[in-house]
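Colleague: One structure follows; several queries about it will come next.
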Ligand code: 5GP
């Protein structure tokens, strides 16, 4: 029986976790911490046509590709989902990147917008779990963006203008957390992840396990 229980742990199907939030809500920090604390969650590296920013690493932050290479991926139907950003760059999630993880029981974390989340939900259905982080207040959001010190006042204004549009999609998500305290938010998401891992649909080894339990009874 120990052997079967061991196997049961190994044959879980991975889940896809998408966390979305308006900029400044702490999505990036939350994602980094989740990946650092739980080695069974892998980050899905997206393909993008936007230029690499300072400090970004090929294959870690993104796969940086030309427009021609991106078109090639499109022609091969290689994307689970893809979007064209308002700024002209394109982003996509490769099927190969995701499937290589979930088929061996590893969960995957995505950085994508609500449009991508919607496409993923339509395609991968029960495999996808979406979480939306709301800021505690707009005043606090502005303060966080200003304190971050990475954006110019013009960029902050642009980001603030986009917030209403982004926030209007909060009710398409499975879970919603108001991010008052970062640590508390991380703990809440870890609880969501544990619960999702226990769902029957993800425990693909259960059938065999229950069969063995039944056999034990009938053999007695
Ligand atoms: P950035 O260029 O600042 O890294 O990302 C811009 C936006 O694109 C962010 O909202 C980010 O979540 C989103 N994004 C990054 N990768 C993907 C992807 O593969 N698919 C979708 N739909 N959005 C993405």
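Colleague: Using the structure shown, decide if residue 30 is in a strand (DSSP E or B) and either in contact (Cβ under 8 Å) with a residue 24 or more places away in the chain or surrounded by fewer than 18 Cβ atoms within 10 Å (Cβ to Cβ) (or both).
Modeller: Criteria not met by residue 30.
Colleague: Now a separate question. Here are 48, 29: which of them is near the ligand (Cβ under 9 Å from one of its atoms) and in contact with a helix residue (DSSP H, G or I) (Cβ under 9 Å, 6 or more places away or on another chain)?
Modeller: Numbers: 29 fails: near the ligand (Cβ under 9 Å from one of its atoms).
Just a single option satisfies the conditions, and that option is 48.
Colleague: Let me ask something additional. Any idea which residue in segment 33-45 is surrounded by the fewest Cβ atoms within 10 Å (Cβ to Cβ), counting only those that are part of a loop (DSSP other than H, G, I, E, B) and touching a helix residue (DSSP H, G or I) at 6+ places or on another chain (Cβ under 8 Å)? Can you show your working first?
Modeller: Applying the first criterion (part of a loop (DSSP other than H, G, I, E, B)) to segment 33-45 yields 38-40, 44-45.
When the remaining residues are screened for being touching a helix residue (DSSP H, G or I) at 6+ places or on another chain (Cβ under 8 Å), the result is 38, 44-45.
Working: 38: 15, 44: 20, 45: 18.
The residue in question is 38.
Colleague: Answer with yes or no whether residue 54 is away from the ligand (no atom under 15 Å from the Cβ), at pLDDT below 95 and farther than 30 Å from residue 198 by Cα. Before you say what the answer is, go through the steps one by one.
Modeller: Working: away from the ligand (no atom under 15 Å from the Cβ): no; at pLDDT below 95: yes; farther than 30 Å from residue 198 by Cα: yes.
Against the criterion (away from the ligand (no atom under 15 Å from the Cβ), at pLDDT below 95 and farther than 30 Å from residue 198 by Cα), residue 54 does not qualify.
Colleague: Which of (1) within 16 Å of the ligand (Cβ to nearest atom); (2) more than 30 Å from residue 76 (Cα to Cα); (3) surrounded by fewer than 14 Cβ atoms within 10 Å (Cβ to Cβ) does residue 187 not meet, given it meets every other one?
Modeller: (1)
Colleague: Examine segment 92-113 for a residue that is within 14 Å of the chain's Cα centre (by Cα), over 30 Å from residue 200 (Cβ atoms) and surrounded by fewer than 19 Cβ atoms within 10 Å (Cβ to Cβ), and state whether such a residue exists.
Modeller: yes
Colleague: With the structure loaded, tell me whether residue 131 is within 19 Å of the chain's Cα centre (by Cα), at pLDDT 85 or above and either surrounded by 13 or more Cβ atoms within 10 Å (Cβ to Cβ) or not in a helix (DSSP H, G or I) (or both) or whether it fails that test.
Modeller: Working: within 19 Å of the chain's Cα centre (by Cα): yes; at pLDDT 85 or above: yes; either surrounded by 13 or more Cβ atoms within 10 Å (Cβ to Cβ) or not in a helix (DSSP H, G or I) (or both): yes.
Considered against the rule, which asks whether it is within 19 Å of the chain's Cα centre (by Cα), at pLDDT 85 or above and either surrounded by 13 or more Cβ atoms within 10 Å (Cβ to Cβ) or not in a helix (DSSP H, G or I) (or both), residue 131 comes out as yes.
Colleague: Suppose the filter is in contact with a strand residue (DSSP E or B) (Cβ under 7 Å, 6 or more places away or on another chain), at pLDDT 95 or above and surrounded by 20 or more Cβ atoms within 10 Å (Cβ to Cβ); does residue 63 pass it? Even if it seems obvious, please write down each step before you answer.
Modeller: Values: in contact with a strand residue (DSSP E or B) (Cβ under 7 Å, 6 or more places away or on another chain): yes; at pLDDT 95 or above: yes; surrounded by 20 or more Cβ atoms within 10 Å (Cβ to Cβ): no.
Against the criterion (in contact with a strand residue (DSSP E or B) (Cβ under 7 Å, 6 or more places away or on another chain), at pLDDT 95 or above and surrounded by 20 or more Cβ atoms within 10 Å (Cβ to Cβ)), residue 63 does not qualify.
Colleague: Quick one: residue 88 ticks every box in (1) within 26 Å of residue 195 (Cβ to Cβ); (2) surrounded by fewer than 17 Cβ atoms within 10 Å (Cβ to Cβ) except a single one, so which number is it?
Modeller: Condition not satisfied by residue 88: (1).
Colleague: Here's something else I'd like to know. So which pairs qualify, if the first residue must be in segment 135-160 and on the phi > 0 side of the Ramachandran plot, the second must be surrounded by 13 or more Cβ atoms within 10 Å (Cβ to Cβ) and modelled with pLDDT of 85 or more, the Cβ gap must be under 9 Å, and the two must be at least 6 apart or on different chains?
Modeller: Listed pairs, sorted by first residue: none to list.
Colleague: Return the total of residues in segment 138-151 being in contact with a helix residue (DSSP H, G or I) (Cβ under 9 Å, 6 or more places away or on another chain) and more than 16 Å from the ligand (Cβ to nearest atom).
Modeller: Total meeting the criteria: 3.
Colleague: Just name the residue that is nearest to residue 165 (Cα to Cα) out of those in segment 73-125 that are in a loop (DSSP other than H, G, I, E, B) and more than 13 Å from the ligand (Cβ to nearest atom). Before you say what the answer is, go through the steps one by one.
Modeller: Of all residues in segment 73-125, those in a loop (DSSP other than H, G, I, E, B) come to 76-78, 85-89, 103-106, 111-113.
Narrowing the set further to residues that are more than 13 Å from the ligand (Cβ to nearest atom) leaves 76-77, 103-106.
On the way: 76: 32, 77: 29, 103: 35, 104: 37, 105: 35, 106: 33 Å.
Of everything passing the filter in segment 73-125, 77 is nearest to residue 165 (Cα to Cα).
Colleague: Here is a further query. Going by the conditions given, is residue 5 surrounded by 19 or more Cβ atoms within 10 Å (Cβ to Cβ) and either farther than 22 Å from residue 144 by Cα or modelled with pLDDT of 90 or more (or both)? Write out each step before concluding.
Modeller: Values: surrounded by 19 or more Cβ atoms within 10 Å (Cβ to Cβ): no; either farther than 22 Å from residue 144 by Cα or modelled with pLDDT of 90 or more (or both): yes.
Here the answer is no, as residue 5 does not meet what is asked.
Colleague: While we're on this one: Can you report the number of residues in segment 101-129 which are out of contact with any strand residue (DSSP E or B) (no Cβ under 9 Å at 6 or more places or on another chain) and free of Cβ contacts under 8 Å to residues at least 40 places away in the same chain? Walk me through it before giving the result.
Modeller: The initial filter retains those residues of segment 101-129 that are out of contact with any strand residue (DSSP E or B) (no Cβ under 9 Å at 6 or more places or on another chain), namely 103-104, 125-126.
Remaining after also requiring free of Cβ contacts under 8 Å to residues at least 40 places away in the same chain: 125.
Of the residues in that region, 1 qualify.
The values are calculated or read from the model by the stated rules, or taken from the named source; none is laboratory data. In this text the structure is predicted, and so the values were computed from the model without any measurement. Please note: Cβ atoms are built from the backbone with ideal geometry, for glycine as well, and neighbour counts cover all protein chains shown.
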